[in-house]
Amino acid sequence: MNDIITTACKFVTSSIGRKILVALTGACLLLFLVGHLAGNMTIFGGESTAAGGSSWIDAYAVGLHSMPAWLLWAIRLGLLAILLIHVGLTLVLKYENYNARTHYQKEGTLKATFSSRTMVLTGVMIFCFLCFHLWQLTFNGNPADCYHHILAAFSNPWCSAFYIIAICCLFLHVRHGVQSVFQTLGLATRKIRPLYNLVAIAFGVVVCGLFISIPVCVLTGILH
Ligand code: HEM
């Protein structure tokens, strides 16, 4: 038992161990994002189902809330723990990297893409967005009337603009994040790296494009 704890401690305190944990927690957050997007897409089912019942998205939100409270909270706390590990270890790695660089290296970051240079900034923006989003839709929402709540929120152009900007930051973050997961887990060779780059861009465009389509469709009256 002691050996397992010692190995786990060594792993977390080593730079590569931290990097792997950041990659794995990032991958979990990406999976959540895909699941959340799939749920949100039910909004395009319209205000009510063909049978005249509540909308698909209301049914989806009510379904989520009808799971046992302990399970819902276990999932939420698990997600929060994953997010905190991801953010905390990233900041530790950034700090260590910065301290390990020479003055010359600190002057300019060569060959780094825009999205990689702005990871901390986009991460902070996503975190602020998440706080607002949870306050607006989770803690002040009514699952049985999720459709109208989302419509009311996005009918405000400022609110929609904030979502669109935050999701553009998410695009930059995810675009670099997806690529880094492959790199850190040792799956990227020099030959296959451009392919992963394309996969990362395609993933970001599809996921973020679909998220953005919701406020855009509310503002343009397609969703009403
Ligand atoms: C147009 C875009 C989005 C819409 C319409 C939307 C909609 C919603 C709704 C309705 C809920 C409340 C679910 C419920 O508890 O009944 C929710 C929760 C949540 N959303 Fe979003 N969301 C969007 C984008 C995002 C993005 C980009 C992220 C992540 C960066 C995100 C992360 C979350 C999280 C973590 C929760 C809490 C889940 C829980 O209830 O435990 N959402 N969202």
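Any read-out appearing in this document is the output of simple, stated calculations on the displayed coordinates, not a laboratory observation. All values derive from a computational prediction rather than experimental measurement. Every residue, glycine as well, gets a Cβ built from its backbone with ideal geometry; the counts of neighbours run over all protein chains shown.
Below, the figures for the structure above:
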read-out	value
Residues 196, 147, sorted so that the one with the fewest Cβ neighbours within 10 Å comes first	196, 147
Length released on extending from residue 130 to residue 70, taking residue separation times 0.36 nm less the Cα-Cα span	19.4 nm
Range of Cα positions in segment 1-105 per principal axis (Å), largest first	65, 44, 14
Helical mean residue ellipticity (222 nm; -39500 (n - 2.57) per DSSP H run of 4+; nearest 500) of the chain	-25000 deg cm²/dmol
Those residues of segment 73-90 whose amide nitrogen sits under 19 Å from the label point placed on residue 139, 7 Å along Cα→Cβ	73-84
Residue of 162, 211, 203 that the Gaussian network model of the chain assigns the largest fluctuation, springs spanning Cα pairs under 10 Å	162
Estimated FRET transfer efficiency when R0 is 30 angstrom, pair residue 148-residue 77 (beta carbons, to 0.05)	0.55
At least 15 Å along the helix axis (C-alpha) and Kyte average at least 1.0, DSSP helices within the chain	15-40, 69-100, 119-133, 157-184, 193-219
Length gained when the stretch residue 32-residue 101 is fully extended (0.36 nm per residue, less Cα-Cα span)	21.4 nm
Part-to-part distance (alpha-carbon centres) for segment 1-50 and segment 115-186, which is given in Å	16 Å
Proxy reagent accessibility, fewest Cβ within 10 Å first, across 5, 82	5, 82
Calculated P(r) tail over 32 Å for the chain, as whole % of Cα pairs	29 percent
